[in-house]
């Protein structure tokens with residue numbers, strides 16, 4: 001992931017840069033590291049960090065600072081994520097129980113997916129994903145599921161920007177990825193075959209709005225040698241379709257994951 005700079009140089013841009021300097025794996029950062037990642041003068045970082053600690057957006061951690069609880073509180077108020085997460089959680093729980101695998105809910109932001117919720121399972125692989133974390137969209141099952149059911153110019157933009165390579169199994173040719181997105185659009189199921197992490201496979205399906213466009217995606221991830229993607233796919237599709245209908249305010253029938261016949265196409269929600 002590339003460091004996020006100070007934007008247009010405005011106060012809000014500098015504040016956003018300081019907060020955006022923190023990565024998922026960071027516990028706390030010192031002023032020198034924040035300055036390096038943002039390109040801001042160290043004196044500016046000191047001043048902004050002091051002000052952000054006063055508002056609760058940052059917290060002191062010895063001579064360093066960490067993201068504050070206030071940010072978490074604000075994040076819980078984001079309408080799209082809150083509504084999506086609340087509607088998805090019961091289905092995600094059922095999906096985890098049915099598959100005995102880790103379940104993800106993700107949305108697209110720019111060229112990356114952001115993980116809104118993850119329900120892990122015991123014995124599963126260590127995944128590169130984390131709640132609030134980001135991964136390149138075209139390197140993940142959820143990202144491909146969303147892009148396949150998004151306006152075509154969006155996928156074309158990401159393909160033109162170049163394909164990420166997180167592992168040696170990543171798709172490297174834009175033409176091959178374009179064909180894969182077309183297949184996902186037709187079949188309604190995306191796969192990550194060790195593209196985001198070695199030894200990890202994933203089955204993902206888009207969550208659609210009433211126009212048939214993706215607002216997010218659900219996925220199930222597990223060990224490549226243990227999880228049979230063909231057996232898991234019907235359960236993921238059922239959960240995604242049920243969530244789509246729930247968000248649309250329709251009559252979402254009870255989820256029957258194991259007995260579901262695998263349909264040929266996931267239609268728009270009506």
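The values are calculated or read from the model by the stated rules, or taken from the named source; none is laboratory data. Given the structure is predicted, the values throughout are model-derived calculations rather than measurements. All Cβ positions, glycine included, derive from the backbone under ideal geometry; neighbour counts span all protein chains shown.
Surrounded by fewer than 17 Cβ atoms within 10 Å (Cβ to Cβ), outside any helix (DSSP H, G or I), at pLDDT below 95 and in contact with a strand residue (DSSP E or B) (Cβ under 6 Å, 6 or more places away or on another chain), is that true of residue 117? Here the answer is no, as residue 117 does not meet what is asked. Highlighted here are the helices (runs of 4 or more DSSP H) found entirely within the range 125-225 that include at least 2 residues which are over 26 Å from residue 96 (Cβ atoms): 152-161, 174-187. Scanning for something modelled with pLDDT of 90 or more and under 13 Å from residue 219 (Cβ atoms), does the range 65-85 turn up at least one residue? There is no residue in the range 65-85 that is modelled with pLDDT of 90 or more and under 13 Å from residue 219 (Cβ atoms).
Entry remark, the range 226-259: residues being assigned to a loop (DSSP other than H, G, I, E, B), exposed (fewer than 15 other Cβ atoms within 10 Å of the Cβ) and at pLDDT 90 or above number 1 in total. Give the range 184-200 a look and list any residue that's over 18 Å from residue 222 (Cβ atoms) and surrounded by 15 or more Cβ atoms within 10 Å (Cβ to Cβ), or say none. The answer is 184, 185, 187, 188. Among the residues making up the range 135-165, those that are surrounded by 17 or more Cβ atoms within 10 Å (Cβ to Cβ) and modelled with pLDDT under 90 are 163, 164.
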